[in-house]
Every structure is written in structure tokens, then in C-alpha cells.
1. Please get the size of the charge dipole for region 36-192, origin at its Cα centre, with Cβ charges of +1 on Lys and Arg and -1 on Asp and Glu, quoted in debye to the nearest 20.
2. Going by amide H atoms built from the backbone, whose H comes under 5 Å of the H on GLN165, apart from near neighbours?
3. What is the pair-distance distribution P(r) of region 36-192, computed from all Cα-Cα distances in 10 Å bins starting at 0, with each bin given as a whole percent?
4. I'd like the Karplus ³J(HN,Hα) series for region 97-111: coefficients 6.51, -1.76, 1.60, θ = phi - 60°, whole numbers in Hz, and an x wherever there's a Gly or Pro.
5. ALA37 versus ASP195, label points 7 Å from Cα toward the beta carbon: distance in nm?
6. For region 126-196, what is the relative contact order in percent, using Cα pairs closer than 8 Å and at least 6 residues apart in sequence?
7. Skip the ligands, DNA and RNA, and give the accessible area per residue of region 36-192 with a 1.4 Å probe, whole Å².
8. Convert each backbone phi in region 79-84 into a coupling constant with the Karplus relation 6.51 cos²θ - 1.76 cosθ + 1.60 (shift: θ = phi - 60°), then list the ³J(HN,Hα) values in order as whole Hz, x for Gly and Pro.
Amino acid sequence: MTSGVTDDDAPTSAETPPAKAAPPSKRRRYFAIFGGAAALLVVAVCVGGIALINAVDGVVDRAEDNERGVARTDSACLELERRLNRLTPPGAAADARARATAVRNENAAVRPFLTELDQLPGDRDEHRRDWIEAWRQLVDARTAYADALDRQAGGGEPAFFVAPQGQRGKPVVERLVDAGPDSCDGSVRRLAGPDL
């Protein structure tokens, strides 16, 4: 008599028992953790991409502002030279009073140039601010010279133009020529020699 178990029913050594499936709550927890991590990764990539795009846009905008600033500075320098060329140089004046007037006329021609420079974008650019300040120092020295010429014309001591000194003893005129565009060099040299 047989016991009711056949050879077909007995487990064989080659077969493995079926794997236990993870309980549904554990699976949901894994999906939530991995899904959340994936979502955070996507958000981080998006935020990083946006930040990179904004940074690149900022660099491009500053480069465009700089390019426009250089073009406007060149144009302003050429216009300054045109205004100065319409004036009689102080060195051609007959006496000290006429020379003082010629110096003041040239200084008046510089004012629109300085106004134009002040309106350029990029006011955080320290190099440009120093260059504009050097122009102001030159105009101030010329104003002092014109005042000394007026005193000379009234019987005072002879007037002499004293070129201003800038940082670390470097003459302002040198700084204007070195740091500025070539289109300004002629005007700088003319304004630096008001007694010529």
C-alpha cells in the first residue's frame, strides 16, 4: 500500500523553494525613498542648470556692456578732440589773461566728455572710475593754472602749470594715456600742455 505520496510530489534537490515576496508596505517604502531621491536629483539638476544659465547670461551681459562702453568712450574721445580743435590753444594767446580764457574754454570742452563717461554702464568698474578721476585731476590742475594766469595778469607772480601726480607718484597724464583708448591720446597730450 502506498502512503499517498508519489515520487512526483516529493521535492527534488534541483528545485528551490519559491522566494518570499517583500511585504507590500516595505515595497512602498523603497519606492518612496528611491522616488524621492530621484525627484531631488532632478530638482538639483534643474536648479543647477538655471543657475549656470543665469551666470552665463550675466557674463555675456557684462561683456556686451563693456563692448558698448568701449565704443562709446572711443566716440566720446573723438568728439572731445573735435571740440578742442575748434578752440584756439592757450599757447597761441597773446597774454596771460587770454591764455587763462583759452584754458577755461578747453576745460569747458572737456565737461560733456566727463558727463558722457559718467553715464556709461559698469559703474562698479574700478579701472574706469580711476581713469575718470584722472581726467578730473587734470581739469582741476588746469583750472588752478588758469587762476594763476589771472593773478599773473594782475601783476602777480608768473604762473606755471603743474601736472598732477596720481597714485604711487605716476603722473596723471601717463595714467590717462596708458589706461585709455588711443582715440583719447591726442586730447590728453594737448590738455597736458596748456602753456604750449
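1. It works out to roughly 540 debye.
2. HN-HN under 5 Å from GLN165: VAL172.
3. P(r) over region 36-192, rounded to whole percents: 10, 31, 25, 13, 8, 6, 4, 2, 1, 0.
4. Couplings: 5, 5, 5, 4, 5, 5, 5, 5, 5, 5, 4, 5, 5, 7, 4 Hz.
5. Roughly 8.2 nm, to one decimal.
6. It rounds to 32 percent for region 126-196.
7. Value returned for region 36-192: 59 Å² of accessible area per residue.
8. Karplus values, whole Hz, x for Gly and Pro: 5, 4, 4, 4, 5, 5.
The values are calculated or read from the model by the stated rules, or taken from the named source; none is laboratory data. Everything numeric in this text was worked out from a predicted model, so none of it was measured. Heads up, the Cβs are rebuilt from the backbone with ideal geometry, glycines too, and the neighbour counts pull from every protein chain shown. When the accessible area is computed, the model is the full protein with side chains, heavy atoms only, and any ligands, DNA or RNA have been set aside. Shrake-Rupley method; radii C 1.70, N 1.55, O 1.52, S 1.80 Å.
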